[in-house]
Amino acid sequence: MYNSKLIRLLRSMSKNEVSSLGKYLVSPIFNTNEKAVRLFQLVKRHYPRFDAPDLSKDEVFRRMFPEKKVMDSSLRALMSQLTNLVTEFLSFQEYNRRKFLKNELLVLALMERNLIDLFRKALQSAQKELEKHKYRDTEIYHHMFRLSIISFEHDIVYKNREPGESLNKVVNDLDTFFISSKLRYSAATINRQLVIDEAFNLSLFEEILSFVQDSPLRETPLVKLYYLMCLMLLDRESETRFYELKELVETHKDSVSIIDTRQVYTVLINFCLTQVKIGKEEFLRETFVLYKQMIQQDLLRKSNKYMSVHHYRNIAMVAIRLKEFEWAEDFMESYKNKLETEDRKDIYAYLKAALSFEMGQYEKAKEYLLDFHLIDVFYHLHWKILMIKTYYELNENTALESAIEAFRIYLLREKSLARNNITSCQRFVNLVKKVHRRKNAVQTKDISDLLDEINSNTNTAELAWIRQKATELQK
């Protein structure tokens with residue numbers, strides 16, 4: 001009972017939603033099953049935890065079916081019925097939130113009933129609402145396209161011999177919806193390929209890029225944003241594309257949806273982090289500026305509630321690397337309880353370790369690292385790198401050599417990471433090992449050859465730190 005689908009659904013609902021569900025269940029339009037209402041009233045007393053002894057299957061069965069002395073399938077059937085009602089309520093609630101979908105369905109209903117005057121007024125009203133909408137995203141373009149189809153179907157019946165623009169509008173709205181959607185998800189696909197070693201088939205992608213280049217659609221803000229984003233992702237060394245896209249998203253922030261604005265910022269930040277990896281440290285400050293803009297525009301919290309742990313980690317790490325220690329600590333404390341995961345304790349411990357490390361508090365950093373238990377592959381990767389750096393700074397040679405070898409084997413076995421991430425970490429292992437050997441050599445030797453090798457390995461994790469450690473050997 002405690003982990004049933006019914007209870008899990010009810011746990012996910014807000015207090016207001018549970019109250020609305022109660023009203024929904026007693027409405028004969030939606031439900032005539034009185035026993036389902038009684039079961040809901042019995043269960044809802046234990047909101048939000050639903051873990052009281054009174055909710056055991058035996059106790060609930062006894063209360064719902066006092067006339068039965070032996071438990072049978074009656075409770076299971078009743079729970080299934082109530083679960084179906086709850087899911088229908090969630091669908092109904094979602095329907096009521098989608099104003100444009102409601103308008104579209106009303107237009108269809110009026111057309112099917114042949115109420116032409118009411119249909120035309122409803123269609124015109126629905127189209128005006130879409131035109132007045134503040135943002136233009138793929139959902140809006142989809143509704144515009146759908147209304148164009150309905151308008152065209154009406155014209156076929158009632159204006160078949162008259163000249164009109166309805167068919168042309170269908171084609172134009174389809175182009176806008178399809179091309180903006182295709183570019184949006186193509187950009188997301190390319191960006192994902194850069195992070196995860198996963199193959200995708202981008203059919204028609206080259207053709208669409210070629211079409212948009214000389215099309216009036218290129219002036220549509222959403223198309224323009226995703227077109228430029230795709231070009232930037234395809235040419236990862238083009239700083240010009242980066243600055244163009246950065247300026248463009250700021251220009252159109254009031255006409256593009258929060259979801260699209262967030263995606264553009266995320267891709268811009270990923271571009272910056274890629275540049276930092278190859279030694280362009282100035283892009284670290286660019287990353288910091290972009291993240292601060294996202295915080296100011298409240299783009300990082302989903303539904304104004306929770307923040308992604310990836311953003312949380314990245315923001316803190318960027319601030320730490322820029323020596324913005326006070327800002328980083330304030331940010332970490334402000335948002336640690338606003339993370340969307342139960343692993344917030346481990347993420348927080350890792351970031352405290354990173355902060356302590358950059359402040360030169362290596363023993364403290366090690367303590368935090370030893371309190372980290374998250375097995376997510378990406379965080380495990382960063383944990384191993386920071387642990388190696390900490391052992392190096394503490395001159396714990398045996399632990400360092402053991403950690404380096406363990407990391408080397410881990411990288412050989414790990415298959416879920418993108419190849420460029422594995423290569424970057426393998427170069428880190430190789431170079432740290434060489435710096436460590438030179439540091440502990442009996443005689444200090446010229447290390448110009450080592451510095452040359454370090455500088456030639458641009459795609460290397462923690463390259464700036466490795467270069468710094470090697471340079472210190474000259475002193």
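Quick notes on this structure:
- The chain, relative contact order [Cα under 8 Å, separation at least 6], %: 8
- Here the translational diffusion coefficient of the stretch 130-244 follows from Stokes-Einstein with Rh set to the Kirkwood radius across Cα pairs; for 20 °C and 1.002 mPa s it amounts to 135 µm²/s.
- Least to most buried among Ser166, Ser448 (fewest other Cβ within 10 Å first): Ser448, Ser166
- Mean-position separation - Cα centroids, the stretch 352-422 and the stretch 97-133, in angstrom: 59
- Whole-Hz couplings from phi, Karplus 6.51/-1.76/1.60, listed for the stretch 23-28; x for Gly and Pro: 5, 4, 5, 8, 7, x
- Derived scalar couplings ³J(HN,Hα) [the stretch 432-440; Karplus, 6.51 cos²θ - 1.76 cosθ + 1.60; whole Hz; x for Gly, Pro]: 4, 4, 5, 5, 4, 5, 5, 5, 9
- All C-alpha to C-alpha distances of the stretch 5-97, sorted into 5 Å bins beginning at zero, yield P(r) values of 2, 13, 25, 26, 19, 10, 4, 1, 0, 0 percent in whole numbers.
- Overall Cα dimensions of the chain - principal axes, largest extent first, Å: 94, 75, 39
- Column: log10 I(q)/I(0), Debye, Cα scatterers of the stretch 300-373, q = 0.17 Å⁻¹: -0.58
- Residue exposure sequence - Trp327, Trp383 - by fewest surrounding Cβ within 10 Å: Trp327, Trp383
- Fraction of C-alpha pairs exceeding 25 angstrom in the stretch 258-396: 25 percent, rounded to a whole number.
Here, each number is a calculation from the coordinates, and none is a lab measurement. Because the structure is predicted, anything quoted here is derived from the model rather than measured. Positions of Cβ are generated from backbone atoms using ideal geometry, with glycine treated the same way; all protein chains shown enter the neighbour counts.
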